[in-house]
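See structure below.
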Number of protein chains: 4
Amino acid sequence: MLDYFDMESTLSEEERMLVDSARSFIDGEVEDIGQHWIDGTFPMDLIPKMGEMGFYAPNLEGYGLPGVSETAYGLLMRELEACDSGLRSMASVQGALVMYPIHAFGSDAQKEEWLPKLGTGEAVGCFGLTEPEHGSNPSAMETRAEADGDDYVLNGSKTWITNSPIADVAVVWAKDHTEEGTPVRGFLVETDRDGVTTNKIDEKLSLRASITGEISLQDVHVPAENVLPEVTGMKGPLSCLTQARYGIAWGAVGAAMDCFEVAREYATDREQFGKPIGGFQMQQQKLAEMATQITLAQLLAHRLADLKEAGEMRPQHVSMAKRNNVRTARDQSRIAREMLGGNGITADYSPMRHMTNMETVYTYEGTHDIHTLIIGEDLTGIPAYQ
Amino acid sequence: MLDYFDMESTLSEEERMLVDSARSFIDGEVEDIGQHWIDGTFPMDLIPKMGEMGFYAPNLEGYGLPGVSETAYGLLMRELEACDSGLRSMASVQGALVMYPIHAFGSDAQKEEWLPKLGTGEAVGCFGLTEPEHGSNPSAMETRAEADGDDYVLNGSKTWITNSPIADVAVVWAKDHTEEGTPVRGFLVETDRDGVTTNKIDEKLSLRASITGEISLQDVHVPAENVLPEVTGMKGPLSCLTQARYGIAWGAVGAAMDCFEVAREYATDREQFGKPIGGFQMQQQKLAEMATQITLAQLLAHRLADLKEAGEMRPQHVSMAKRNNVRTARDQSRIAREMLGGNGITADYSPMRHMTNMETVYTYEGTHDIHTLIIGEDLTGIPAYQ
Amino acid sequence: MLDYFDMESTLSEEERMLVDSARSFIDGEVEDIGQHWIDGTFPMDLIPKMGEMGFYAPNLEGYGLPGVSETAYGLLMRELEACDSGLRSMASVQGALVMYPIHAFGSDAQKEEWLPKLGTGEAVGCFGLTEPEHGSNPSAMETRAEADGDDYVLNGSKTWITNSPIADVAVVWAKDHTEEGTPVRGFLVETDRDGVTTNKIDEKLSLRASITGEISLQDVHVPAENVLPEVTGMKGPLSCLTQARYGIAWGAVGAAMDCFEVAREYATDREQFGKPIGGFQMQQQKLAEMATQITLAQLLAHRLADLKEAGEMRPQHVSMAKRNNVRTARDQSRIAREMLGGNGITADYSPMRHMTNMETVYTYEGTHDIHTLIIGEDLTGIPAYQ
Amino acid sequence: MLDYFDMESTLSEEERMLVDSARSFIDGEVEDIGQHWIDGTFPMDLIPKMGEMGFYAPNLEGYGLPGVSETAYGLLMRELEACDSGLRSMASVQGALVMYPIHAFGSDAQKEEWLPKLGTGEAVGCFGLTEPEHGSNPSAMETRAEADGDDYVLNGSKTWITNSPIADVAVVWAKDHTEEGTPVRGFLVETDRDGVTTNKIDEKLSLRASITGEISLQDVHVPAENVLPEVTGMKGPLSCLTQARYGIAWGAVGAAMDCFEVAREYATDREQFGKPIGGFQMQQQKLAEMATQITLAQLLAHRLADLKEAGEMRPQHVSMAKRNNVRTARDQSRIAREMLGGNGITADYSPMRHMTNMETVYTYEGTHDIHTLIIGEDLTGIPAYQ
């Protein structure tokens, strides 16, 4: 895989081994992801296998989690997304959006109950923040929680929730109307509770090898001990998003790298007009540009990891990296696809699949435009969202 | 539909009526094209209905064909592709790639046999030029014809053939090894002849609402009267491509127009941060750019029609229009999709479907890069294909 | 000059002759415009010569003005800017920003006094709208007029005024504080009046072959008969801008066409690696793209002329054409320059001069961004300037 | 200055001090570089002052040179070009193109004679490689050397030679016709030798604050000891270009950073429509994009420095960095300029000056396109120059 500025030489032995084992896993265990994409299915057998490999929140510590470096975690996301954004999304949601908030904001009982079985993939989690009418502005959420004796009663609906139809537990963010100011709180909602329904969204043309659904909450009772005790306000969900976006910033690099390798190989194999098409200037231009943009994205991801490891990473850093790297993957996957000519529109080659996936990745976890405005505010001191 | 520079005022009454009837047809007869796309099926019931409407080669005359203006024909392609590139492809192949060469190069017997039933959609045709190893350079084709008594025997394989699995007849281009210099000739090959197989290509991620397949020819005997008598050499297939590309240059405008209307409506309806997203500068920028690019593409298509009507259209004009207009549709459909946020990745809205279709359209009938080089040669006098 | 889609065939004989005579004039009368650019001077001898040729407001009628077609007028602007934006600016200011408002909004006496001598170039005019603190939002202007007996007293300062240092008369827009609501009014201010100073701006790095200055007004008395009687409010200056922008939309095409011709000639002459650089794919790609973008800009300008001639042109049409065509000239001049390699950075070739000029043209008469928002408002019904 | 991903924290104390001292030097010693640009002059008083500061080849060791880190050297180039590409060009030519080859390939006598006085700026050098007919393909050079007793006789002409009109010595590359295969050799040619003329090129519209000229060699006799003894073939000049391009890859970042700071400050100060323009979405988008692209360029430069320091830098790495970073500076300076509106076209603000300079930087030391093909060859194994 492309490593033009030799970042491998900066890795630790452990990091290198993790890359190798992730690649072996994908080569050995993931069968015909293209067909899954066409069929709109996730390879369910991978869920426990990925747990066994330690792919869920390996950067956390305790509860059997290995606490690998942020670079190692990033490299893992990269390798998973080199296969398909669906795999990386599985790991992102489980690790960064479910295990992370339980780890960071949960009670000891919550941690003990959930982290081990989420870590192994015995249980599947999902993250309920986005609502039908509130995508880019989640703080306007309408889902509400009200105290009812020792319980809370939840009402509302969430959508675009990765894995909701297959999840055992949902981290649901809702406004607590019991308290003044209706602060946002996180609730662990088991999906088999009365009043919870999780319809699957079938008509996707992107990220089809990933399950997406809604969460409908109608008078759902959850006990008070299901509240995440250590966080109040939008800081809760936003800090989860920062973790997940970090993984996306890395993951997108993987998708782009895979596209590049496929395009390079095709260009050196495929002959037209009597020579490999990789020998034509216009095709070299595409390869040179892809290699450059991928190298830049790699450097950004690596530097982001260093900042995270050092405790210096700000959410705005993540915004810049998510925004840039996903755009790179989006643009370069399209170039790779076009280099493959007619063959490029099939599931036999990965670029078009990555290209379509990138439309989701460009949009979720903060759209490209929202990240633009986050950076813009950071640079000028003036918010311009409204 | 967007008509910012009021081209409608330049249309004849007949042209305006044709636009209206095409729109009515699509509204009334085409059901859930998005589901067809997901399922990888073409709405077969439309084939005779489109014939009844006169959508196949209406710009030709005789044999019951109405001989409408080139502008009218272009507008029809535009309206069909505003629905889906699959519909326009159906009409393009039937009209420009099958009926056109029979009309232009066929014997009277061939015309009488085929034009009426192709015109009504009673029969379906396909066009066999591209081969697995020869996409951008068709003159290197390997399919061969050899005389055997009064017959020709054809051997070879063609691929990326729209409608081959459902076609009754294929216009197959092959090198005639009976003659010195092995000139290219066109053959009308009924698909029920011995030795003909037409496998469907299933794994497409683009233009899924259109049937694509191969044509395999193994010792296929066709009588000499199935040769198109009036053309020899690459001029034959290339002149067909000019006709089809003309339709694509118009069709792509339709796809882009549809994306624009969907995005504009979404932007004025969808509220975030307390107002329609169409009121935000970054979204207006997208709409303004889409409207500009579409207006330019419209003007190019209209001017191309005038040149064609006047007999002044050169293949290089078509190259410029196909190249520019498809790129516009490809780029602007992506922008439209991103404006729709999460909803934009579903089949409930057309932009992502158009966006994926455009990858095929960008590639077939001369890739974007090949058209670049055709124009480049025209401007410099120097061929740079090799 | 490039005319890929043969728009010449749509011209009248008169229009064709005007193009020819403009080209002859530039070839014969304009000496070393590159040196003027370096020196920061306008070729003053051209002012009356351009008048003699009828280059100032030829689309107006009466007072000795020929009343040519809007297409003819556009073609003239195109040919002037193919030489240098400075020449076109001279004609635009004199014709569209000074003669036009006098013609449209002036009294008979004003017309009789000024139109003949502005038409011949005996007198030079300028247009005072923009203020140091109010560029994109001219309605916030601070320049004020107050009645004092039969006179008005003007105070304020204007900047970025083409030709102010050499003008005999300025059309100054000011808020009339005598009236309720302080409506904007136009004043003909002779520059030799007490209190008028017109400093030249020397430090320009763009449009250097054009004189730009300020207008400072300190207690300047003008008689009431110097008010333009027939217009009140921002409609006055804005309608002038529409006229001038129309000319720019055409002029920019000329700059781009000149760049293209220089680049094409260079590419077919200059050899590297044993052949003309125009034979390399990456250079053909640049030429093909230039030719395409120029063709689109030409079609947009021609259609705009037809709408104007028919009385159907809206200011938003002009915004789209100015915005698109100037961007095209800005982008394509840069490509042309890069094709010329080292030679491209000199005044011996026009592209870099055009490229730097385009920065001004991109900014004046409504910046690119303002036109984006004008179109955006038109498409959505929502203003987003603030 | 922008350092969004906090690369400063990775610098050594020495590196940080060098940045500070370079900034102080520029603030204190460089007067009105904008006026120099307009006048087409280089501030000659800076030549010895820059020597005193140790700005010439500080990454080399011995002969009084400090041997700073490659990162330090890069940062210095960045700071110089943040002022003007003319200053960085002065340092690049003197250090990387003259002192470097003497240091790497010179005899002890050559080193002792030239390195000290070039290092202090007492003498000025230039680099004679490019010829009028051979820009992108220097190995086709026509300049020839022939032995004549103990001398060589040089004939030929070089052009686009930075500093040739003010140089004391030129490193001239010529084909040695005395030897079989006419290998390229380097010659130290004092410019006061008979037969040497160095005309200045005056008509530049870019990099005007830098002296550029030709070198004409007519039967110029140089003694054999003026030959650089330790290198033969194109490896000689190409290794110098690698050094200089390394500095450009860093320098371009400085130009872009300066543009960004000017634009950011302008955007937060300048008000229109009642608020700072930096509060508008479309302007934030520009700032966010500039910050992103600059951050990427910074990371690329820093990683390149690490590779160079480790002895792992290949010329292709430099090609990628030069190509990307100069393009970034070229594109972003244009965006910065446009954010400044009318003020942006003046020498009062740096962006337009940087923007025009970048046209030269984009072209010299390997055009953008040549670097594309260098990377393309590296990725495919297929050369596509011809």
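For the rotation that carries chain A onto chain B, the axis lies closest to a Cβ at A:THR356, 3, where the number is the distance in whole Å. On a per residue basis, the stretch B:235-380 carries 22 Å² of accessible surface, using protein heavy atoms and a 1.4 Å probe. Here the Debye sum runs over all C-alpha atoms of the stretch C:7-123 as equal scatterers in vacuum, and log10 of I(q)/I(0) at q = 0.10, 0.12, 0.15, 0.21 Å⁻¹ comes out as -0.30, -0.43, -0.65, -1.16. The convex hull defined by the C-alpha atoms of chain C has an orientation-averaged projected area of 19.4 nm².
Quick one, can you get me the convex hull of the C-alpha atoms of the stretch A:322-386 expressed as volume per residue in Å³?
80 Å³
Specify the inter-centroid distance of the stretch B:147-200 and the stretch C:1-65, based on alpha-carbon positions, in whole Å. Using only Cα atoms, the two centres lie 59 Å from each other. Using only side-chain charges placed at the Cβ, +1 for Lys and Arg and -1 for Asp and Glu, the dipole size of the protein assembly as shown relative to its Cα centre rounds to 0 debye. Accessible surface for A:GLU13 stands near 120 Å², nearest 10, in the context of the full protein assembly shown (1.4 Å probe). Convert each backbone phi in the stretch C:278-289 into a coupling constant with the Karplus relation 6.51 cos²θ - 1.76 cosθ + 1.60 (shift: θ = phi - 60°), then list the ³J(HN,Hα) values in order as whole Hz, x for Gly and Pro. Karplus values, whole Hz, x for Gly and Pro: x, x, 8, 4, 5, 7, 5, 4, 5, 5, 4, 5.
Using a 1.4 angstrom probe with every protein chain in place, what is the largest-first accessible-area order of B:PHE42, B:PHE273? Don't jump to the answer; show the numbers that get you there.
Numbers: B:PHE42 10, B:PHE273 45 Å².
Putting B:PHE42, B:PHE273 in descending order of accessible area: B:PHE273, B:PHE42.
Across every pair of non-identical alpha carbons in the stretch A:235-380, the mean reciprocal distance, once inverted, gives a Kirkwood radius of 16.0 Å.
Where does each of C:GLU214, A:GLU225 land when they are ordered by accessible area, with a 1.4 Å probe and the largest first? Please list the in-between numbers first.
On the way: C:GLU214 75, A:GLU225 130 Å².
The most accessible residue leads, giving A:GLU225, C:GLU214.
Close amide H contacts of B:TRP160 (hydrogens built in the peptide plane, cut-off under 5 Å, sequence separation of 5 or more or a different chain): B:GLY213.
Summing +1 for each Lys or Arg and -1 for each Asp or Glu among the other residues whose beta-carbon sits under 11 angstrom from that of B:TYR246 gives +1. Going out from 0 in 5 Å bins, what whole percent of all Cα-Cα distances in the stretch D:126-232 drops into each bin? Reading upward from the zero bin: 2, 14, 25, 25, 18, 10, 4, 2, 0. Using heavy atoms of the protein chains and a probe of 1.4 Å, the accessible area assigned to A:THR367 is about 30 Å². Just the number, please: Stokes-Einstein D of the protein assembly as shown in µm²/s, Kirkwood Rh from C-alpha pairs, 25 °C, 0.890 mPa s. Stokes-Einstein gives a translational diffusion coefficient of 70 µm²/s. Normalising the average separation of contacting C-alpha pairs (under 8 angstrom, six or more residues apart) by the number of residues puts the relative contact order of the stretch D:194-348 at 26 percent. Computed from point charges on the beta carbon alone (+1 for Lys and Arg, -1 for Asp and Glu), the dipole magnitude for chain C about its Cα centre is near 1360 Debye.
Annotation: for a label point projected 7 angstrom from Cα along Cα→Cβ of A:ASP20, no residues of the stretch A:305-337 have a backbone N closer than 13 Å.
For each pair in D:LYS175/D:LYS204; B:LYS286/C:LYS322; C:LYS175/C:LYS235; A:LYS175/A:LYS200; B:LYS235/B:LYS308; C:LYS117/C:LYS200, compute the distance between the two Cα atoms and list the pairs where it is over 20 Å. From D:LYS175/D:LYS204; B:LYS286/C:LYS322; C:LYS175/C:LYS235; A:LYS175/A:LYS200; B:LYS235/B:LYS308; C:LYS117/C:LYS200, over 20 Å: D:LYS175/D:LYS204; A:LYS175/A:LYS200; C:LYS117/C:LYS200. Less than 5 angstrom separates the built amide H of B:VAL68 from those of B:ASN59, B:LEU60, all sequence-distant by 5 or more or on a different chain. Here's the list of aspartates and glutamates a cross-link from B:LYS49 could span, going by alpha-carbon distance under 15 Å and ignoring same-chain residues fewer than 8 apart: B:ASP27, B:GLU29, B:GLU31, B:GLU122. The value obtained for the stretch D:256-328, namely the Cα convex hull volume divided by the number of residues, is 73 Å³ per residue.
Of the solvent-accessible surface of chain B, computed with a 1.4 Å probe and all protein chains present, 44% belongs to carbon and sulfur. Within the stretch D:199-298, none of the trypsin sites (Lys or Arg not before Pro) combine a DSSP coil assignment with at most 15 other C-beta atoms in a 10 angstrom radius. Rounded to the nearest whole Hz, the Karplus-based 3J(HN,Hα) values (6.51 cos²θ - 1.76 cosθ + 1.60, θ = phi - 60°) of the stretch B:230-242 follow the sequence 9, 8, 9, x, 5, 3, x, x, 5, 5, 5, 4, 4, with x at glycine and proline.
Between helix C:351-363 and chain C there is an angle of about 40 degrees, using the helix long axis and the longest principal axis of the Cα atoms. Summary value for chain A: 18 percent relative contact order, contacts being C-alpha pairs under 8 angstrom separated by 6+ residues.
Farthest toward the positive end of the dipole of chain C, out of C:THR212, C:THR372, C:ALA170, is the Cα of C:THR372, where the dipole comes from beta carbon charges about the Cα centre.
Could you give the alpha-carbon Rg of the stretch A:198-251 over 2.2 N^0.38 Å, rounded to two decimals? Each step should come with its number before you reach the end.
Numbers: Rg = 15.5 Å, N = 54, 2.2 N^0.38 = 10.0 Å.
Cα-based Rg divided by the globular estimate yields 1.55.
Between copies, the label points at C:GLU180 (set 7 angstrom from Cα along Cα-to-Cβ) are spaced 5.0, 9.7, 10.3 nm, reported in nanometres from shortest to longest. Distances from A:ARG23 to itself in the other copies, using label points 7 Å out along the Cα-Cβ axis, amount to 4.2, 5.6, 6.1 nm in increasing order.
For the stretch A:7-123, the Cβ-based charge dipole about the Cα centre amounts to some 280 debye (Lys, Arg positive; Asp, Glu negative; other atoms uncharged). With the label put 7 angstrom out from Cα along the Cα-to-Cβ vector, B:PRO66 ends up 4.5, 6.9, 8.2 nm from the copy partners, going from closest to farthest. The phi torsions of the stretch A:378-386, fed into the Karplus equation with coefficients 6.51, -1.76 and 1.60 and a -60° offset, translate into couplings of 5, 7, 10, x, 10, x, 9, 6, 9 Hz, rounded to whole numbers, with Gly and Pro shown as x.
The values are calculated or read from the model by the stated rules, or taken from the named source; none is laboratory data. Note that the structure is a prediction, hence the values are computed from the model and not measured. All Cβ positions, even for glycine, are placed from backbone atoms using ideal geometry, and neighbour counts span all protein chains on display. Ligands, DNA and RNA are stripped out before the accessible areas are found, and what is left, the full protein with its side chains, is counted by its heavy atoms. Shrake-Rupley method; radii C 1.70, N 1.55, O 1.52, S 1.80 Å.
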